[in-house]
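The values are calculated or read from the model by the stated rules, or taken from the named source; none is laboratory data. Computed from a prediction, not measured in an experiment: that's the story for all the values here. Cβ atoms come from the backbone with ideal geometry, glycine included; neighbour counts cover every protein chain shown.
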């Protein structure tokens, strides 16, 4: 019986052809779902887009953006300090170097609001006094210059009448008006405020007038059809359209005022950052003069930044640019 099972009488162990076909069909039937399942799983896990950036690549992009933002200002400051050190060394320390000036600045700003008399006060009081003069002169210029710019831009006859006067007086140096202020007001402080006023008014007048003249004529035609009053035209049509030009004039006026107040205070004396510079020159304290230069630049930068933020708050694209 055993030999009959394991040994074919013909001497071969090959299965019949029908059994081979049935086994092949059975294998194909069981392997087809597995193949389909594996294909579905592969397609489900296949990426639909390009390769995602890895963590190192994102870090490299972040570092590159940071370098583009931070590196140029640092290099500019390093160049300034290098040139400053070179000039200081070439003049035999007649102009103090960056390290000596930094040590002096630490001492100056350790107590910026001291008072040892009317002509001996800290740098903080001098900056505040200059800002007060700039604020008064600039405020008066805004009260006069902005309405005047609206009127000049709105009425062609007034524009033709005032244009020669503005063209004649605008190029005059602001310090040329200081003796007139001393003669009229009989005081150094009002004369300095007058100088700030006369140099700040022209940018606001000119920019406001140009803004009014560039208002689209269609707006004015609608106002004429609706029979709007001049006050309605000014408040509802002109002011929103002119605001970007007006704020540009304000920024230019503040920058000019801050430049002029330093020179005016050098001539008039009293308390102020300009007087502090001149007083330190009389004392041959060059370190404090360099410190004052940086203080003037930083305060002017802060004023400009504040006005840019104010202009950006109105979401005008022209102002943001």
Check: Does residue 96 satisfy the criteria of being loosely packed, with under 13 Cβ neighbours inside 10 Å and touching a residue at least 24 places away in the same chain (Cβ under 8 Å)?
Finding: no
Margin query: Quick check on segment 135-145. Is at least one of its residues loosely packed, with under 11 Cβ neighbours inside 10 Å and within 21 Å of residue 272 (Cα to Cα)?
Written below: no
Check: So how many residues does segment 286-310 have that are surrounded by 16 or more Cβ atoms within 10 Å (Cβ to Cβ) and either touching a strand residue (DSSP E or B) at 6+ places or on another chain (Cβ under 7 Å) or under 17 Å from residue 105 (Cβ atoms) (or both)?
Finding: 10
Notebook entry, point to check: Before we move on, is residue 249 modelled with pLDDT of 85 or more and either buried (at least 22 other Cβ atoms within 10 Å of the Cβ) or on the phi > 0 side of the Ramachandran plot (or both)?
Noted result: yes
Check: Among the residues of segment 92-120, how many are assigned to a loop (DSSP other than H, G, I, E, B) and either in contact with a helix residue (DSSP H, G or I) (Cβ under 8 Å, 6 or more places away or on another chain) or more than 22 Å from residue 271 (Cα to Cα) (or both)?
Finding: 9
Notebook entry, point to check: Does any residue of segment 256-279 turn out to be in contact with a helix residue (DSSP H, G or I) (Cβ under 9 Å, 6 or more places away or on another chain), buried (at least 18 other Cβ atoms within 10 Å of the Cβ) and not in a helix (DSSP H, G or I)?
Noted result: yes
Margin query: Given the condition over 16 Å from residue 125 (Cβ atoms), in contact (Cβ under 8 Å) with a residue 60 or more places away in the chain and over 28 Å from the mean Cα position of the chain (by Cα), answer yes or no: does some residue in segment 285-292 qualify?
Written below: yes
